[in-house]
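The next block holds one structure in the form of structure tokens; read it before the comments.
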Amino acid sequence: MAGLQEYKCPCCGGAVTFDSGLQKMKCPFCDTEFEMQALEAYNNSLQTGESDDYNWSVTAGTEWNEGETSGMVSFSCKSCGGEIVADSNTAATACPYCGNPVVMNNQVSGMLKPDCVIPFKLDKAAAKDKLKKHFEGKKLLPRTFKDSNHIEEIKGIYVPFWLYDADVSANILYKGTKEHSWEDSDYKYTETKYFQMRRSGNIAFDKVPVDGSSKMDDTLMESLEPFDFKDAVPFQTAYLSGYMADKYDVDAQTSEARANERIKRSTENAFLKTVDEYDKVEVENSVIRLKEGKAKYALYPVWLLNTTWNGGKYTFAMNGQTGKFVGDLPMDKGLYWKSVFATFGLFSVIAFLAQLIYFFVGSEGGTANYLQMIGIALGVGLLIGFIRGAVLKSALVSVRKKDTATDYERAGSFKVTDKADLYLYHKIDKVQKPKKE
């Protein structure tokens, strides 16, 4: 029997033993009962010994040919350490990251030649117009913020990205529950059945981007996605004319970790869609293996503006291909509280009047409790006031991390090769009904 004690309870993790009276496996810690076959299958599924395997063959970028960099110059910022590349006609300029003056280094060195580039489709006028529209409708935006913005300083910059392609095979375990409720004269019952679901199969991703610049905020760049790779062309220095290019300082190998995270999450989500008959589902364990993992080095077009206000730094960016514009905005606390209390006052009055109408029109008699009505009205008004304040605050935030690579899933690549759903155990909870007086 010592071998049976190695089974772990799916409910609490305790060691499960055989109960001779029940003729079932039973956990002595949480008293959950299991059929032997189900428990054995569950434990076997968790003891595969497999682990994620991210096998990338990175050969992104190429060496520059002789003379290719002759029309390019390099600028470095002594303040933040940023380094940018431009064509030789570009005059000394301000750093696109911190706004401080940059110093020309002349020679371009220490970087690979990009495999491809998406040229700018939208010009500076479009970027300025998008910035102005970004301010519109933001009721909590300080009125002085727009006036103090240096909109003319918006700059076009090519941002370095590592683009990852991979075929993925997956073996994923999910935990799921189904609930059923009923009641009798004394109790309300809820039965919860617990399951383990296995899904195996394949999926593929193309051109999953990871920002290759430490000076460029990764979340800001992910907020600008997706870029459409169909517009990419082989890199030529002529595309730098009138623009700057950030020099990558995070290599392809280091950037793999972020690509792995996004691919893994997207793979789990893709197979999750095949587990649809349960009330609640979550990932219990997943094993992801990459095949044909490859990377490219690309430059993507971004319009960028860094500005300061009241001691805080604010960065705005526009996708130079699609026009998508992002950038978090400051909040005027005075306008926030004004909005909360104005909404509170309006809806408190509405809630109080609604109660009065119900009492005098729909009530079957009795004495109105005005203090209670006022209390309810104030509570409703305050709740709605804070909800509206939260909605207006959320409108100021547009920079959000992108944890998936769904936009880059290869069409037609998703395939389920194996699926199995295993019933584990059930629990019944009951709650006593209030007794009628």
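The values are calculated or read from the model by the stated rules, or taken from the named source; none is laboratory data. Because the structure is a prediction, the values reported are computed rather than measured. Neighbour counts are summed over all protein chains in view; Cβ atoms, including those assigned to glycine, are modelled from backbone coordinates with ideal geometry.
Residues in region 33-63 that are among the aliphatic types (A, V, I, L, M) and either touching a strand residue (DSSP E or B) at 6+ places or on another chain (Cβ under 6 Å) or modelled with pLDDT of 70 or more (or both): Met36, Ala38, Leu39, Ala41, Val58, Ala60. Among the candidates Thr343, Thr315, Thr308, single out the residue that is farther than 30 Å from Thr177 by Cα and not assigned by TED's automatic domain parsing to the domain that holds Leu112. Result of the check over Thr343, Thr315, Thr308: Thr343. When region 397-435 is examined, which residues are found to be surrounded by 16 or more Cβ atoms within 10 Å (Cβ to Cβ) and either free of Cβ contacts under 8 Å to residues at least 40 places away in the same chain or assigned to a loop (DSSP other than H, G, I, E, B) (or both)? Listed by number, the residues that qualify are Ser398, Val399, Lys402, Thr404, Ala405, Phe414. Figure legend. Inter-residue proximity from region 307-328: first residues closer than 16 Å to Lys155 by Cα, second residues of a type in the set (Phe, Trp, Tyr) and surrounded by fewer than 17 Cβ atoms within 10 Å (Cβ to Cβ), beta-carbon distance below 6 Å, spacing 6+ or different chains. Indicated pairs: Thr307/Tyr314. Selection over region 387-410 of residues that are within 12 Å of the chain's Cα centre (by Cα) and not hydroxyl-bearing (Ser, Thr, Tyr) gives a count of 6. The single residue among Gly375, Gly293 that is in a helix (DSSP H, G or I), at pLDDT below 95, small (Gly, Ala, Ser) and on the phi < 0 side of the Ramachandran plot turns out to be Gly375.
Going by what's in this entry, would Leu173 be described as over 30 Å from Lys435 (Cβ atoms), of a type in the set (A, V, I, L, M, F, W, C), surrounded by 14 or more Cβ atoms within 10 Å (Cβ to Cβ) and under 29 Å from the mean Cα position of the chain (by Cα)? Spelling it out, Leu173 is indeed over 30 Å from Lys435 (Cβ atoms), of a type in the set (A, V, I, L, M, F, W, C), surrounded by 14 or more Cβ atoms within 10 Å (Cβ to Cβ) and under 29 Å from the mean Cα position of the chain (by Cα). If only one of Lys207, Lys193 is more than 30 Å from Cys116 (Cα to Cα) and part of a strand (DSSP E or B), which one is it? Among Lys207, Lys193, only Lys193 is more than 30 Å from Cys116 (Cα to Cα) and part of a strand (DSSP E or B).
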